[in-house]
Amino acid sequence: MSIVSLNPPQKLTFDFKDGANVEEKLTITNTTNTPVAFKVKTTAPRSYLVRPSADLLPQGGSMDVTIILQPGSLCDTNGNRIVDPTTHRFLVQAVGTEAGRTQNLSKEDWVALPKSTIQEFKLAVADKPEASDSLQKRYDELVNYIFKLEQETIQLQEKVKSLRACSPQGQYQLWHIILAMVVAAAMIQAVGFMR
């Protein structure tokens with residue numbers, strides 16, 4: 001039986017395309033009636049900041065571990081990706097401790113433990129699928145577009161109301177249209193005459 005449960009249980013999914021705040025949360029929960037010590041290791045320790053990387057969970061307690069990708073750790077100075085982050089792995093080690101323990105295990109305590117008492121949980125690293133990103137982006141764009149269309153529709157309806165209010169019958173009279181055509185023709189003639 002596992003002494004801790006992990007969420008997510010098998011894979012940490014990062015949005016490596018974001019570039020700015022690339023982080024993931026790992027929740028570790030103690031499933032026993034005694035305190036459990038844990039530590040989180042990675043195959044790429046220079047690429048990630050793990051906080052806390054080790055701690056003591058009280059019985060039934062849980063803790064969020066924040067895993068942050070260090071800026072520039074995947075790219076060269078020109079911004080070209082030189083490392084495939086999906087080859088990275090994380091390892092959570094957990095061990096039950098004596099009841100009443102309140103302090104975490106030291107490095108020496110971990111070294112002295114028999115390997116058979118330590119439970120290990122391996123986590124893969126995955127890149128967030130682009131399809132869901134682009135789908136969410138397209139959805140957001142459509143929502144914004146619809147909002148703009150609704151605003152424009154409201155403005156146009158208000159203009160129509162104000163134009164109808166100006167006309168006694170709410171419509172343009174025939175003489176309005178004829179007058180507009182005469183004025184337009186006169187202006188065209190005037191422009192041609194000035195050349």
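List of remarks:
- Within segment 1-23, the set of residues being small (G, A, S) and in a loop (DSSP other than H, G, I, E, B) comprises S2, G19, A20.
- Scanning segment 72-111 for residues that are over 23 Å from R51 (Cα atoms) and small (G, A, S) yields G79, A99, G100.
- Strands (runs of 3 or more DSSP E) wholly inside segment 24-84 that include at least 2 residues being more than 21 Å from the chain's Cα centre (by Cα) and basic (K, R): 36-42
- Scanning segment 66-83 for any residue that is within 22 Å of K39 (Cα to Cα), touching a residue at least 60 places away in the same chain (Cβ under 8 Å) and aliphatic (A, V, I, L, M) turns up nothing.
- A residue that is hydroxyl-bearing (S, T, Y) and within 15 Å of A44 (Cβ to Cβ) cannot be found anywhere in segment 116-124.
- For segment 124-137, the condition holds for at least one residue, the condition being that it is among the hydrophobic types (A, V, I, L, M, F, W, C) and assigned to a helix (DSSP H, G or I).
- Residue ID - nearest to K25 (Cα to Cα), chosen from residues in segment 85-112 that are in a helix (DSSP H, G or I) and among the polar types (S, T, N, Q): T86
- Some residue of segment 91-99 being under 16 Å from V22 (Cα atoms), assigned by TED's automatic domain parsing to the domain that holds T31, touching a Lys or Arg at 6+ places or on another chain (Cβ under 7 Å) and surrounded by fewer than 17 Cβ atoms within 10 Å (Cβ to Cβ): no
The values are calculated or read from the model by the stated rules, or taken from the named source; none is laboratory data. Here the structure is a predicted model, which means the values were calculated and not measured. Because the Cβ atoms are built from the backbone with ideal geometry, glycine has one as well, and the counts that use them run over all protein chains shown.
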